1. Among GLU186, GLU34, GLU239, whose mean-square fluctuation peaks in a Gaussian network model of the chain (Cα, cutoff 10 Å)?
2. Under a GNM of the chain (C-alpha, springs under 10 Å), which listed residue has the highest mean-square fluctuation: SER197, SER246, SER31?
3. If the convex hull of the alpha-carbon atoms of region 165-263 is projected onto planes in all directions, what is the mean projected area in square nanometres?
4. Under the Karplus relation 6.51 cos²θ - 1.76 cosθ + 1.60, θ = phi - 60°, what is the ordered set of whole-Hz ³J(HN,Hα) values for region 35-49, x standing for Gly and Pro?
5. How much of ILE36 can a 1.4 Å solvent probe reach, expressed as accessible area in Å² and rounded to 10?
6. With a 1.4 Å probe and all protein chains in place, put TRP292, TRP150, TRP57 in order of accessible area, largest first.
7. Rounding to the nearest 10 and keeping the result within 0 to 90°, find how far the Cα-based axis of helix 2-27 lies from the longest principal axis of the chain.
8. Contact order normalised by length for region 139-293, with contacts defined as Cα pairs under 8 Å and 6 or more residues apart; what percent is it?
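The values are calculated or read from the model by the stated rules, or taken from the named source; none is laboratory data. All of these numbers come straight from a predicted model, not from anything done at the bench. Neighbour counts run over all protein chains shown; Cβ positions are idealised from the backbone, glycine included. Remember, those area values only see protein heavy atoms, side chains included, never the ligands or the DNA or RNA. Shrake-Rupley method; radii C 1.70, N 1.55, O 1.52, S 1.80 Å.
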Amino acid sequence: MARTEGRSRYARAAKLGLVGLLAVPALAGCSVEEVIRFGWPVGVTPEAEAMRNLWTWSAIASLVVGVITWGAMFWAMIFHRKRKDDDGTLPRQTQYNLPVELVFTAIPTVIVAVLFGFTLNVQNYVTKDEASAGGPADLQVEIVGFQWNWEFLYPGEAGPDGRPVSTLGTSDTIPIMVVPTDRSIEFTQMSPDVIHSFYVPEFLFKRDVFPFPERNEQDNQFVIDRIEQQGAFVGRCAELCGTYHSQMNFEVRALEPALFDRYIQLRKETNPETGQPYNTGEALAALNCGEWCAPEAISTKPFSTERGQLAAQVDG
Ligand SMILES: [Cu+2]
């Protein structure tokens, strides 16, 4: 009798615990979509969505295994603990049971194989060198990461001086990589000095930027099928590369294709106000499209330009 009461008490406590656990996200005001992202940023490319799906399903699969394992552990701890009236008889022993051990070897092997298969699939999609639609990407962008800034070049688009249109970050301007939405983009990376890493949280993707990628046998190219919305997305260097590593921010500015075409066209022309070719900020301002045509980076604040002072602090 006492034993049954004890059991129902545990069952009640377990039920209450489960309800409490499930209520946490709801009470915190999280939507289902937010909960199943398990903390990841909202992606803006189909590649990011593939990564997020892999992450969500891996987390759910892990939780299922976790719940079964925790259940078995707590069940054993609660219902097989030593009791006052224990007469010393052991529960039924199951070691050296060949069928059980075979099952316990086969199940994890299947789990690992399934995770491996899905991971490989997503990885091949995310690191592809060609657009999924086939053929070369609609736009080529070269990324140069250097100590301690970025340059973005459009090798297919020649500026007024015959050299590719480009955007170069300086100590007081954050470089903006202007790209079109709804078009495939091929990125090629290189570094003239040390290893950096190109990281855009909204792409859910980062790739190290190597010096001499061929000599280092590094794949320095990747293609995204499209950016799904206009916007300003912060980018960062994600590989510790020296004193001003933390200040190596940039911005991805995604514009509608028509606006992007107009932007590139402007970058090939001379600004009548300055007599010089339009720079990134001037071309963006001339598009006059509101928030996404802001001439300066809006996703990240300009870093302190007092690098001398900062260096003194670091050295001191
Ligand atoms: Cu860096």
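1. The residue that fluctuates most here is GLU34.
2. Highest fluctuation among the options: SER31.
3. Details: hull surface 27.0 nm².
That works out to 6.7 nm².
4. 5, 6, 7, 6, x, 7, x, 6, x, 10, 10, x, 5, 4, 5
5. Using a 1.4 Å probe on the heavy atoms, I get roughly 60 Å².
6. Numbers: TRP292 70, TRP150 0, TRP57 160 Å².
Result of the area sort, largest leading: TRP57, TRP292, TRP150.
7. 10
8. Reported as a whole number, the value is 25 percent.
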